[in-house]
């Protein structure tokens, strides 16, 4: 472990909370799955970002003077036989670069002393159930000793604010890990594509779970610890369900398969979507819609760069998709009007109902404000064209070099009056992971192709 990276992050957090502040951060709780079995443990992202410690029951305290204290499970020979070797508080300072470490059993006894004399206590609001009450208990114990000269923090602040800003721009180490995660995930998509056509050629029954298994195999084969999220493997009409999960659906010759899947590597997520013909050959209507989505993604990629707004890729996507919907007859010009009318009235929403991207990092939908902090006071009101609801809009985030976001346009055609039947039940999404640069963006997930001819050649091969 490169402890210098985590020490630098803790030092930056200390600077942000001020010399007399104190930050308290637990890791994620263990979650019971059923009876006496737990879900596979996964650390809290904020916690891991600051110390790189992946064991359960950990707590990290960062003081405004830069001093850091870890609370963790003590060494326990009997429990380690069952649950694995623990780092323990004795080894933690050298292994993690923290200044001090104690058993988590000492947390309640130690915290009042750590809080004494601080002017503000920072912790993540509305994330860890019961944390507010825990902090209140420590502060209450401190107040009970005011006659002995203790000083209680007067302010409670949300720790997510400064940490979100820190995590939003990825450093070189984080970018390197995310490139590797995207590379692994791209290989998994290729494996699933090729298996689909191979099994169909051999006359075998293909189910969504067959392809899901290939994804998981490839993730773990290359060292990924987990999938970054529940993989979407949607065959045929299932692709029109945005958050469909890999199930037992039949993969049919002549239909498309949409796979939205990515691995998590060393705490960082990847997120890739590809849509491909199950048998390796796009039909005419499938290719027409696919080329439209691809063109909309190219338009979004072209405007993704430092200095642009977060909403610029979405607006570029919507313009291309809306024009394509008119050209292909998905939308009737006589009913919806011009391209400007389609965009203004959100008529495209029938076939494209999600945003074009999100932040990506330690969480697949990563933290970070989508509004520009320097312009937070500027706001306008507008009436939503579909719901009639009055919405408040604030200036979108200005992209900076090192931010990472997804670019994922799509089109989803459900049967409806006036919708050409040749397009019914076709769902297509293309998603790539992009690191913002000064001159544009680096698409780190293009290890799996998007060009339809290349996809067909890949599957045939």
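In table form, for the structure just shown:
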quantity: Residue-averaged 222 nm ellipticity for the chain, from DSSP H runs of 4+ at -39500 (n - 2.57), nearest 500; calculated: -11000 deg cm²/dmol
quantity: Relative exposure of 426, 232, judged by other C-beta atoms within 10 Å (fewest first); calculated: 232, 426
quantity: Cα centroid separation - the stretch 394-416 against the stretch 27-93, whole Å; calculated: 35 Å
quantity: Cα pair distances exceeding 21 angstrom across the stretch 382-461, given as percent; calculated: 60 percent
quantity: Order of 391, 60 under a 10 Å beta carbon neighbour criterion, fewest first; calculated: 391, 60
quantity: Fraction of the pair-distance distribution of the stretch 178-295 above 26 Å, Cα-Cα pairs, percent; calculated: 17 percent
quantity: Geometric extent, Cα atoms of the stretch 267-388 - Rg, Dmax (angstrom); calculated: 17.0, 53
quantity: Cα-based equivalent ellipsoid, the chain: semi-axes from gyration tensor eigenvalues, Å; calculated: 46, 28, 19
quantity: Kirkwood Rh in Å, taken over the stretch 3-166 so that all alpha-carbon pairs contribute; calculated: 16.5 Å
quantity: Residues 446, 179, sorted so that the one with the fewest Cβ neighbours within 10 Å comes first; calculated: 446, 179
quantity: Helix 3-17 vs. the chain, principal-axis angle (Cα, 0 to 90°, nearest 10); calculated: 80 degrees
quantity: Span from the the stretch 307-382 Cα centroid across to the the stretch 420-461 one, whole angstrom; calculated: 19 Å
quantity: In degrees, nearest ten, helix 172-201 long axis to first principal axis of the chain (Cα); calculated: 40 degrees
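Every number in this text was worked out from the coordinates using simple rules, so none of it is lab data. This is a predicted model, so every value here is computed, not measured. Here Cβ is always computed from backbone atoms with ideal geometry, including for glycine, and neighbour counts include all displayed protein chains.
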